[in-house]
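Enquirer: Sending over a structure as structure tokens; questions will come in a sec.
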Amino acid sequence: MPTGVILIADDDAAVRTVLNQALGRAGYDVRTTGTASGLWRWIAAGEGNLVITDVVLPDENGFDLIPRIKRMRPDLPIIVMSAQNTILTAINAAERGAFEYLPKPFDLKVLTSVVQRALAITPKRRDAPPQNEGDERLPLIGRSPAMQEIYRIIARLTQADLTVMITGESGTGKELVARALHDYGRRRHNPFVAVNMAAIPKELVESELFGHERGAFTGATNRGVGRFEQAEGGTLFLDEIGDMPLEAQTRLLRVLQQGEYTTVGGRTPIRTNVRIIAATNRELRQLTQQGLFREDLYYRLNVVPLRLPPLRERVEDIPDLVRHFLRKVEGEYLSPKRVDAEAFELLKHYRWPGNVRELENLFRRLAVLHSGDVISAATIGAELAEPPRSLEPANSDGETLSVAVERHLARYFAEQKGRLPSPGLYDRILQEVERPLLSICLGATRGNQIRAARLLGLNRNTLRKKIRDLGLEVIKGLQSG
């Protein structure tokens, strides 16, 4: 049976009773109090092996009490619980030296597991970073269990300097999380530099990241400062890391392994002190299997994986997000608007393929174009009900491309005879559709990439990159068949 004396402080008698019974059944000696002063008396007397405290207590804030506890008994683990389920609560708990933060309500099994870990590990004393000044809040909104877990991970990572790999669909807020890790971490007073790998032409990536010397290539009339040099002492955020060319991947691996790099055209290694945070909406394991991403680099970057949930997995956060977006727009130039209850229900049942970014764009648009003070379910329904434009019928039976693909996939799954296909199906299917689409459009434009890019609605550099990645052959003057 577990042993240990647990000291609990919470002003809610019902909470004290539930925790007393749960931890008592687990074999612990539990003592409870409703005040900070009662808890402090036990601690000052040298009693207890573990503290569980609420943040809001009638005679003192729990966050103010923690530093005093740490000064008197630095090895006493403290678990903080709070109904104020924001990222700042989690970060404040970590900064003050709490062993763990639990947002209310929490599962008693989770609490018991955390208590076991806390009593099994003698925490090493760490110097907490300086406290944040002011009450500025990060633009990370949500009280759902999924976001609470994100907050807890971020809070832990602010105390370390580890490389982080953020994964998630487009629009889930990967750069916001990267900024949170920087702004509340040890490098907060140094630069945060963000680079989108998908937005840089392949031939310029190495120069963009590592800089170049004068004369290193045609047009390099002066020395160029790279993003690593700009981010020195701070954080470099590499967004869309899956689009980084293999040559640049080799250089980045050297930085992670040896802490140094050379500029394009340079010979002298340059030492660097930069924290790397990477992000992607692609499946990097699949890219490593295809030879498009270095496996050794993947493991170097994936020290701490952090998956951001899509909005459809945290629909309970939608009301808070909507109110946040409306407040932002009101502060810019518009009168206040509110959303009725039926509209919120409708929002929760939409799939949000563009995630939080799509939600924000919707309400920025409605804040400007909707004339009334109340945004109703009818208004939301009209915005979300617009069906996507379907392609023209593909054959005489009127079968659309969507129906044809669905029929093909159904047959493909049936051929597996109850087994699941190998991982990476999404990328494989996209490639199979993308290749003929680009080929036919290039044929229709007789190999003119500018016209083909316009036809496809793509940036010309994006089209060129896709042509290279898919190994398509472009013949000038090609006639469409």
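The values are calculated or read from the model by the stated rules, or taken from the named source; none is laboratory data. Everything numeric in this text was worked out from a predicted model, so none of it was measured. Using ideal geometry, Cβ is built from the backbone for each residue, glycine included, and neighbour counts are taken over all protein chains shown. The protein model used for the area step is the full one, side chains on, heavy atoms only, and it has no ligands, DNA or RNA in it. Shrake-Rupley method; radii C 1.70, N 1.55, O 1.52, S 1.80 Å.
Enquirer: If the Cβ limit is 9 Å and pairs must be 6+ apart or interchain, which residue in the range 113-128 that is closer than 19 Å to Thr158 by Cα and open to solvent by less than 60 Å² (accessible area, probe 1.4 Å) pairs with which residue that is at pLDDT 90 or above and aliphatic (A, V, I, L, M)?
Expert: Close Cβ pairs satisfying both conditions: Pro123/Leu76.
Enquirer: Go through (1) over 19 Å from the mean Cα position of the chain (by Cα); (2) open to solvent by less than 20 Å² (accessible area, probe 1.4 Å) one by one and return the number of the condition Val164 breaks.
Expert: So the condition that Val164 fails would be (1).
Enquirer: Also: Exactly one of these conditions fails for Ile8: (1) without any contact (Cβ under 8 Å) to a residue 12 or more places away in the chain; (2) touching a Leu at 6+ places or on another chain (Cβ under 6 Å). Give me its number.
Expert: (1)
Enquirer: If you go through the range 362-370 one residue at a time, do you hit one that is in a loop (DSSP other than H, G, I, E, B) and either open to solvent by less than 70 Å² (accessible area, probe 1.4 Å) or modelled with pLDDT under 90 (or both)?
Expert: yes
Enquirer: I'm checking my understanding of the structure. Among residues of the range 287-338 that are among the aromatic types (Phe, Trp, Tyr) and more than 16 Å from Leu369 (Cα to Cα), which one is least open to solvent (accessible area, probe 1.4 Å)?
Expert: Phe293
Enquirer: Under 6 Å by Cβ, and 6 or more places apart or on different chains, what pairs join a residue from the range 212-224 that is farther than 16 Å from Thr268 by Cβ with one that is open to solvent by less than 40 Å² (accessible area, probe 1.4 Å) and modelled with pLDDT of 75 or more?
Expert: Qualifying pairs under 6 Å: Ala220/His212.
Enquirer: Residue by residue through the range 30-63, note down the ones that are assigned to a helix (DSSP H, G or I) and within 26 Å of Pro145 (Cα to Cα).
Expert: Passing the criteria: Gly62, Phe63.
Enquirer: Tell me which residues, restricted to the range 266-286, are over 20 Å from Val195 (Cα atoms), open to solvent by less than 60 Å² (accessible area, probe 1.4 Å) and either assigned to a loop (DSSP other than H, G, I, E, B) or of a type in the set (Gly, Ala, Ser) (or both).
Expert: Gly266
Enquirer: Same structure again: Taking the range 40-87, which residues are of a type in the set (A, V, I, L, M) and open to solvent by 30 Å² or more (accessible area, probe 1.4 Å)?
Expert: Ala44, Ala45, Val56, Met72, Ala83
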